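Only the coordinates and a few stated rules stand behind these numbers; no lab work does. Here the structure is a predicted model, which means the values were calculated and not measured. All Cβ positions, glycine included, derive from the backbone under ideal geometry; neighbour counts span all protein chains shown.
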Amino acid sequence: MAVIGGAVAGAEVAATLAEKGVEVVVIEQNSRPYGKIEDGLPRWHHALRQKEYATIRGHLARPGVHFVPLTRVGRDIDFRELVEAWGFSGVVLANGAWRDRAIPLEGADAYVDKGLVYQNPFIIWFNHAEEASYDGPRYETPDGALVIGGGLASIDVAKALMLETARVALKQRGIEVPVLELEVKGIPKALAAHDLAFEDLGLAGCTLFYRRRGDDMPLVEIPDGATPERTEKVRNSRRKLLQKAMDKYRFSFEPLCMPDGLLVEDGRLAGFRFRRTRMEAGRPVPTDETFERRGPLTVSSIGSIPQPIEGIALEGELFAFSDWDLGRLADYPTVFSAGNVATGKGNIIASRKHARLVSETISTAFLGLGDDGHAGEEAALDATTSAARETAHEIAAEIKQQPPITPETLAALRERVRARQQTVGYDGNFETWITANTPEDFA
């Protein structure tokens, strides 16, 4: 089997298949196989990140798992050729959701890095900016930034902006407070330790704009078939979580509005004209009311979707799956999918099969809003790993129905894999490779 993507879902699928005696080739686009754990989960989740790094390494170092780094399917290897010519019994897409959903205004993307930044590159910068080897884009976090979004990921963006803004403001006063300390204590408590209040910093803070209401924000799942009483309880939990996050990190929230026009000054995006919305039958409906809001930076966090791969048909923004449970494609009967490539979500705790686990307890821990900080946040990944494991068992059952490949085909396949490994400088020793490609200051 080939597994495209070596992070949470891909590593879980690879390990489960290997346990069943399946030889697995994991094809990873980066040098390290940590995916959203490294580049999407903000660095204040330090303990969770370290735990997941170790779990992924353990899965991919198993006998029978062959790692192929620095290889992107669709760029370095043709997808159809991989599926139909290499000789695999099957292929699992576990390559996540890395493409930011575009702001739905004509011309908006002309201002990327000119006042507009998307969530994925912004969080990658936030996570790696302090590493000596980081050579990617660098961003400022000016006061008064705008965040377009709604959900856990957009709150992470607002937190990152506020933590950096507060850190810089304190540094200007000669006070050094690490971002991680600000995150754990919360900005008001961290400031109180220096006899300061938030108002003393003279900061306006960033604002999160959402087209729905606060109690519509999917911070806690409403169970299928929930009674009106249960639904209202969940909505109250959402309101409470959002308010806790606002109080602890001092960002503002503007509900029931959507971007309606660009405000451009001196060749840069200077803000938006927003249109008010109202909720009807659970959906936001535009009204005639508009207002303008300016800011020195806008971070768009309206969702992450899979990167297109040549050879895979799209239906809208997502792959055109004929079977969403196993992420199957009509044109490729031996291709399956696991993780966020099938959900079309970039949230690390999203899971199409286990969304019921996204509870108030998990969201509280994930957002660092409990009295014990992030204690218990490991549960936030249970949904993803459980779904991937379940999918792997179902894939194994499907693959058993395929005729076994011949010894000659297997030998040729192994040779092709070795050739690609040699091309990227991988000698076949997973632990040696990971050690050599992990900087000392890697977080």
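A few comments on the model shown:
- Selection among Ala166, Gly214, Gly186 by position relative to the dipole of the range 102-301 gives Gly214 as farthest towards the positive end (Cβ unit charges, Cα centre).
- Tilt relative to the chain, helix 152-172 - C-alpha long axis, 0 to 90 degrees, to 10: 60 degrees
- Unit charges at the beta carbon, dipole of the range 102-301: most positive-side option, Ser154, Gly115, Thr231: Thr231
- Structural descriptor for the range 15-137: relative contact order 31 percent, calculated from alpha carbon pairs under 8 angstrom and at least 6 residues apart.
- Footprinting exposure proxy for Thr165, Thr141, Thr423 (fewest neighbouring C-beta atoms within 10 Å first): Thr423, Thr141, Thr165
- Taking the chain and dividing mean pair separation by its residue count, relative contact order in percent (alpha carbons under 8 Å, at least six apart): 22 percent
- Once the Cα-Cα distance is subtracted from the 0.36 nm per residue extended length, the Asp78 to Arg99 segment shows a gain of 5.6 nm.
- The charge dipole of the chain, taken about its Cα centre with unit charges on the Cβ atoms of Lys, Arg (+1), Asp and Glu (-1) only, comes to about 640 debye.
- Each helix, a run of at least 4 DSSP H residues, gives -39500 (n - 2.57); summed and divided by the residues of the chain, these come to -11000 deg cm²/dmol at 222 nm.
- Each of Ser237, Ser133, Ser154 was scored by other Cβ atoms within 10 Å of its Cβ. Arranged with the fewest first, they read Ser133, Ser237, Ser154.
- Shape call, the chain: gyration tensor on alpha carbons, a/c limit 1.5: prolate
- Placing +1 on the Cβ of every Lys and Arg and -1 on the Cβ of every Asp and Glu, with nothing else charged, gives the range 206-251 a dipole about its Cα centre of roughly 260 debye.
- Taking every DSSP beta bridge that has both ends in the chain, the antiparallel portion is near 45%.
- Helix axis angle, 228-249 relative to the chain longest principal axis, alpha carbon, degrees: 70 degrees
- Span from the the range 133-155 Cα centroid across to the the range 70-109 one, whole angstrom: 25 Å
- Considering only the range 102-301, percent of DSSP beta bridges that pair antiparallel, nearest 5: 55 percent
- Rounded to 10°, Cα long-axis angle of helix 8-19 versus longest principal axis of the chain: 30 degrees
- Shape call, the range 147-192: gyration tensor on alpha carbons, a/c limit 1.5: prolate
- Dipole of the range 362-428 computed with +1 at Lys/Arg Cβ and -1 at Asp/Glu Cβ about the Cα centre; of Tyr426, Ala388, Ala375, farthest Cα towards the positive end is Tyr426.
- Relative contact order of the range 106-224, defined on C-alpha pairs under 8 angstrom at six or more residues apart (%): 31 percent
- Taking a ≥ b ≥ c as the square roots of the eigenvalues of the alpha-carbon gyration tensor, the range 102-301 is classed oblate because a/c is 1.5 or more while a/b is no larger than b/c.
- Of Ala18, Ala193, Ala392, the one that fluctuates the most in a GNM where the chain has Cα springs shorter than 10 Å: Ala193
- Proxy reagent accessibility, fewest Cβ within 10 Å first, across Glu131, Glu315: Glu315, Glu131
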